[in-house]
Each structure stands twice: as structure tokens, then as C-alpha cells.
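Shown next, in C-alpha cells, is the structure this report addresses.
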Amino acid sequence: MSTRYSRSSLATMLTSRFLQYRDPRAQRRHPLVDPVVVSEIRRCLEQGMEFQGELLNFRKDGTPLVNRLRLVPIHDDDGIITQVIGIQVFSEAKIDLNHVSYPVYKETCNQRSDHSANYSPRHGQSPFTQHQEICGILQLPDEVLAHNILSRLTPRDVASIGSVCRRIRQLTKNEQVRKMVCQNAWGREVTGALELMTKKLGWGRLARELTTLEAVCWRKVTVGGAVEPSRCNFSACAVGNRLVLFGGEGVNMQPMDDTFVLNLDAANPEWQRISVKSSPPGRWGHTLSCLNGSWLVVFGGCGRQGLLNDVFVLDLDAKQPTWKEVSGGTPPLPRSWHSSCTIEGSKLVISGGCTDAGVLLSDTYLLDLTIDKPIWREIPTSWAPPSRLGHSLSVYGRTKILMFGGLANSGHVRLRSGEAYTIDLEDEEPQWRQLECSALTGIGSQSSVVPPPRLDHVAVSMPCGRIIIFGGSIAGLHSPSQLFLLDPAEEKPSWRILNVPGQPPKLAWGHSTCVVGGTRVLVLGGHAGEEWILNELHELCLASKQDSEP
């Protein structure tokens, strides 16, 4: 419905107050325009409240209109109003101006309207038919809104929907609601690991920092103790707030079979060799993963007698930690420099690698360690990415896996890869597919680019499902400390450079990097020649430290 004012004349008006004048040349509002409603609009704007009501307006020719007006303040993450959205819906006013002697208005929605779906008409209310247009969703109880609606959204969407009205905003500020949102979006295992971080930051701020990466930074950490004899090509992972290192290649290519632990909760963390029973055969080029919070699982690698395909598990919290071999079904071919990951906290997935004969592999196997007699199962796919070693497997969305990089077969030659592939193991017939990444323009400190091809790199799965890639052996003259960010769940995924303040490691390798508590990425030293420095750690902090000011 038109007010019959031209677009050019509307552009010269600072406010819509002129619609309250019956004649464009009038110097004051029409007497039938209720001053109480006008004052209420002004009060709501001054106090940052939502307004909803009806007001008498006029077309340019003087015929009356009903203006159903709604003003909604928009808040930023700190609760500061940045804009006010105004929505006007005009309809015919079926009144005779010559026979109405009192102001015409509709009751406004005051602050209580966020908690009630009903208007409270005043005495002498407008003869217009009352329209109850409060959104139906606001008629639902808080419990239903929280459990049935908000909890199904992503943390980013919940932060956005908080600007709808004051009542929704208060619900989204509730710590239990935000925890429930994060738990449904990221899973119980991830939110359990993040629990400690929320004691200082709170779920709202933590979700924001992991989404915006506004607090990401590098810092250097020096620890005590020693990992002796010295070694390289070991494998490490995090168990809670402990770093665990197993095996490695010692002097003269000697396969190592010892286990070291670094407790980051200690006042002065230091490497300690732990006493374990029935240690697996020494090896290097293997993988070490964490299961069910305190269990370690080692697979494959190169031992004294050649390549291995055995599986050993260790409960780090047992009174006497003991490595136990797990066997069942037809195991994968013996291999080294493969990649592994765990899904749903208890299922080991291994992919690719290299055989004794130097043949690169492209198979994918799964071992469910929750059952009494675990059995290896190959994941049959109609197509698989080119055979490779030194690649990474990153879990996102609970059962989805992103494969990136590695040294891959390309015709008759082997080249470093910069391609990404995904598979969802929850599908009835899982299939690998290549991820087509678009070149979108970056925002702020992030710019669009494709990571240079690499192998033996670091791949970090963030709680929100995004993947960070850095380090490794890179083709060309590129910095290994440059970070790349990807959200594989986006409709059109795009790699972005992430510029991070602080001192990054000069070199970083995937088999010597651990993710602690979901927000800390620990790179174990670097190396000078053949010597690895394990007392110097570089930490990539994805969220503010607990002892920092909020």
C-alpha cells in the first residue's frame, strides 16, 4: 500500500514523523494522532526496548492510514545497541475523521510484551479491530524454546537470534542453554573436553572465540625433563591434559618402544618415562591415537623385522598401565606413514600409507574397539583418492572425515598433494568425493587462497567443525608456519589464510602435534639436523587462557 509520496521526497525526510501530518505543509501532527503512542515510541528508543503498536498516519492526499509499526533494537555480542530495525505495515483506516474526536491509537508492546503474548488495551482504545500479531513462537514456554528450538541451532545462529527480542536474548545468555547448544552442535565428547575452559570464559564467550578466532595466538612453552635416548619420527597424542609420546626412530634407525608422558596440569611440567607392562615392539612411522578419554591405541609402523600391522591399546589411568594386543578379522596390510583418526570416541580409522615394497596404498579400514572382539572392516567404496602417504585425516560432524595432502600417485610419478577429500562413515554406502573449494574473498584478517601441496603436515579439527592446516614438508618456497582454515561443511567451502600473532614454530609435523582440551594445539619442538628439541613447545591457543581477564 502506498503513501503516495515520491521516493525523492521521502529521501529528504529525516524521520517518518511527516506521516503524522494530514497536510504536507502542516506544522504540527494531526490532533487525532495519539501523543501517548508517540511518547511511547520515543521512550522505547531511548531505553533500548522493542516497540510494537499502531499509529494513525496519512497519505499525501490526506486520507488516513493505519501504520502497524515495529521497532526492534539490534545488539552486538556485548549487548550494545548498534541499529534499530523499523518495520511499517500500512492498511486502510476505516474511520470518518469528521466524527472522531479522540486520539486514534493501538496499545504499544511494552517491556512485558517479551514475556506475554497478549495486548492490554487502554480505556478509550481505537475503534480499529485489534490485531494480535505477537510472533507465535513467543507464546511458547521458556523450556520449550530452549530444549526444542534453540538447542537445535548452531552457536553462531543462537548468537544471531538473540537480537530478535529481549526474552530470546535472555534465554540465549543462559549458560545451561548455551552448553546444550554447543553439546548438540559439537557432540558430548567435544563439549566434555571443553568443560574446563568454560569455568573462566563461559560457554557463550568460548563459542564466540572459537567461531570468530578473535583470541587465537602463538606462545612458546618450555618444559623440563628429557626424552632419552633422543629420537625422531615418534608419534604423540593428547590424553586429557597430558601429552603422550610413544616409540620413534633412535640412533642408527633403532626402533624405540618406550612411553613418555608430559602432564600439563603440573606446576612445572616435565617429561617422564612411565613404567608399562608388555610394551609393543619398537617402531617408527606409526600412529598413536586416544580413545574413550584415557585409552591409547597404536597401529603399524616400521619395526626391526620390517613393517607392522598390529594393534595395541593402553589404559593410561590403570594402576599398572599395560599394553594389550588386539586382534580380530583380517587386518590391513602392514604399512608405515599411514594416517589414522578416531570417530565417536572409540572407532579407529586408518587410511593409506606405504608397504614394504614401496607401494602406496589407498584403502580405508575401521576397527570398533567398543565390542568384546573387535574385527577389522574395510570400508568399500566405488572410488578412492589416489594412493598416498603422509596425509592427514580430520574428523568433523562426528562421523565425517576430511583427507588432505600427502605424497600421492599422479600417473607414473609421486607428487605432494594439495587436494581435499571427504567421506561420511555414517552413510549406508560411504563414498569418497573430492572437495571443490571456491575462491571467496576473505574477511578481516582472513584471505582466500589455496594451501600449497604438502605432506607430514598438521591438521587440527576444531570443536566447531573447521579444520586448520599448517606445517609439514611443503612444495616450493612457502612458509610452513602459515595457517590455513577450512570449513568443509559449508555449501561452497573456501580455504582462508589465518594470520596469527605470536611466535610460530619454524617447523611443525603432524606426528608430533597434539590437540589438548579442544582449544590448545601443542607442537613438540622443532629440529636442528637430526636432533629434535622436545623441551621447547609451541602452543597455538584457539581461545583465551583461563587466567586471562574476561
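The values are calculated or read from the model by the stated rules, or taken from the named source; none is laboratory data. Fair warning: this is a prediction, and the values are worked out from it, not measured in the lab. Because the Cβ atoms are built from the backbone with ideal geometry, glycine has one as well, and the counts that use them run over all protein chains shown. Surface accessibility is based on the protein's heavy atoms, side chains included, excluding ligands, DNA and RNA. Shrake-Rupley method; radii C 1.70, N 1.55, O 1.52, S 1.80 Å.
Observations on the structure shown:
- Cross-link reach list, aspartates and glutamates versus K506, counting only Cα pairs under 19 Å and skipping chain neighbours closer than eight places: D456, E530, E531, E536, E539
- Reachable lysines from K173, criterion Cα separation under 18 angstrom, eight or more residues apart if same chain: K199, K200
- Accessible-area rank, largest first, for S279, S392: S279, S392, with all protein chains present and a 1.4 angstrom probe.
- Region 278-429: proportion of alpha-carbon pairs further apart than 25 angstrom, %: 27 percent
- Counting all C-alpha pairs of region 230-311, share separated by more than 20 Å (%): 31 percent
- Over region 160-215, the reciprocal of the mean inverse Cα-Cα separation, the Kirkwood hydrodynamic radius, stands at 11.7 Å.
- Förster radius 60 Å - calculated FRET efficiency between E92 and T322 (Cβ-Cβ, nearest 0.05): 0.10
- Here region 366-514 is treated with +1 on each Lys and Arg Cβ and -1 on each Asp and Glu Cβ, and its dipole about the Cα centre works out to around 660 debye.
- For L407, the solvent-accessible surface with a 1.4 Å probe is about 40 Å², rounded to the nearest 10.
- Model label points for H412 and V36, set 7 angstrom from Cα along the Cα-to-Cβ axis, are 9.2 nm apart.
- For the pair region 394-437 / region 254-327, the C-alpha centres are spaced 27 Å from each other.
- Reciprocal of mean inverse Cα separation for region 205-260 (Kirkwood radius, Å): 14.1 Å
- Surface listing: R70, R335, R377 arranged by accessible area from highest to lowest gives R377, R70, R335, probe 1.4 Å.
- If R0 is taken as 45 Å, the Cβ-Cβ distance between K200 and T330 corresponds to a FRET efficiency of 0.35.
- Each 10 Å bin from 0 upward holds the following percent of the Cα-Cα pairs of region 42-93: 23, 41, 24, 10, 2.
- For region 178-274: rounded, prolate or oblate by the Cα gyration tensor [a/c cutoff 1.5]: prolate
- Within straight-line reach of K373, meaning a Cα separation under 19 Å, sit the following lysines at least 8 residues removed in sequence or on another chain: K324, K347.
- Cα-Cα pairs of region 303-370 separated by more than 19 Å (percent): 41 percent
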